[in-house]
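Colleague: Sharing a structure, written as structure tokens. Questions coming.
The values are calculated or read from the model by the stated rules, or taken from the named source; none is laboratory data. Quantities reported herein were computed from a predicted structural model and do not represent experimental measurements. Glycine gets a Cβ as well: all are built from the backbone with ideal geometry, and neighbour counts include every protein chain shown.
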Amino acid sequence: MDVSEQFFALMQGGLGVFTIAWYILVVIAMWKVFTKAGYAGILAIIPIVNIIFLVKIAGYSGWMSLLYIIPIVNIIFNIMVCLRVGKKFGKSTVFSVFLIWIFSTIGFFIIGFGQARYDRTAQ
């Protein structure tokens, strides 16, 4: 094995560790959000299930999470879900766009560990 192959192998391993660490942070943040919304926090661990329940937290039917499969539509629907989740937790549109859609892990930590309360009646 030459030096470039060793470097590439090391970078792949480092990226894997970083990805797992990032996923653990996302699960912790979403666990708290799910708990505040009245769902079991353990649902945040399962990758596709957490999207379905995030769509339900936003007030849409769980079946609408199938819209994430369609290109372009998935981006628009994701913005709609983020705006509704923000509104359900009493957050502004600016907060929803920047901290739930763009920097979602930070936004979920703020909602989950902050003073925000889930309001089922918010539209």
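Colleague: Hey, could you check segment 1-29 for residues that are of a type in the set (Phe, Trp, Tyr) and modelled with pLDDT of 80 or more and say which is farthest from residue 44 (Cα to Cα)?
Modeller: Restricting attention to segment 1-29, the residues satisfying the condition of being of a type in the set (Phe, Trp, Tyr) are 7-8, 18, 22-23.
From what is left, the residues that are modelled with pLDDT of 80 or more are 18, 22-23.
Working: 18: 19, 22: 14, 23: 10 Å.
Among residues in segment 1-29 that are of a type in the set (Phe, Trp, Tyr) and modelled with pLDDT of 80 or more, the one farthest from residue 44 (Cα to Cα) is 18.
Colleague: For segment 12-39, enumerate the residues that are surrounded by fewer than 17 Cβ atoms within 10 Å (Cβ to Cβ), touching a residue at least 40 places away in the same chain (Cβ under 8 Å) and aromatic (Phe, Trp, Tyr).
Modeller: If the condition is that a residue be surrounded by fewer than 17 Cβ atoms within 10 Å (Cβ to Cβ), touching a residue at least 40 places away in the same chain (Cβ under 8 Å) and aromatic (Phe, Trp, Tyr), then 22 is the only one that fits.
Colleague: For segment 48-63, which residues satisfy the criterion of being in a helix (DSSP H, G or I) and either under 16 Å from the mean Cα position of the chain (by Cα) or surrounded by 20 or more Cβ atoms within 10 Å (Cβ to Cβ) (or both)? Spell out the reasoning first.
Modeller: Pass one, segment 48-63, residues in a helix (DSSP H, G or I): 48-57, 62-63.
Of everything in segment 48-63, those that are in a helix (DSSP H, G or I) and either under 16 Å from the mean Cα position of the chain (by Cα) or surrounded by 20 or more Cβ atoms within 10 Å (Cβ to Cβ) (or both) turn out to be 48, 49, 50, 51, 52, 53, 54, 55, 56, 57, 62.
Colleague: Among the listed residues 73, 85, 97, identify the single one that is buried (at least 19 other Cβ atoms within 10 Å of the Cβ) and of a type outside the set (Gly, Ala, Ser). Step through it out loud before you land on a result.
Modeller: On the way: 73 fails: buried (at least 19 other Cβ atoms within 10 Å of the Cβ); 97 fails: buried (at least 19 other Cβ atoms within 10 Å of the Cβ).
Every option except 85 fails the conditions.
Colleague: Which members of segment 81-123 meet the condition of being modelled with pLDDT of 95 or more, closer than 18 Å to residue 48 by Cα and in contact with a Phe, Trp or Tyr (Cβ under 8 Å, 6 or more places away or on another chain)?
Modeller: Once the filter is applied, which keeps residues that are modelled with pLDDT of 95 or more, closer than 18 Å to residue 48 by Cα and in contact with a Phe, Trp or Tyr (Cβ under 8 Å, 6 or more places away or on another chain), segment 81-123 yields 81, 82.
Colleague: Please go through segment 86-122 and pick out each residue that is in contact (Cβ under 8 Å) with a residue 40 or more places away in the chain, closer than 20 Å to residue 38 by Cβ and β-branched (Val, Ile, Thr).
Modeller: Across segment 86-122, the qualifying residue is only 111.
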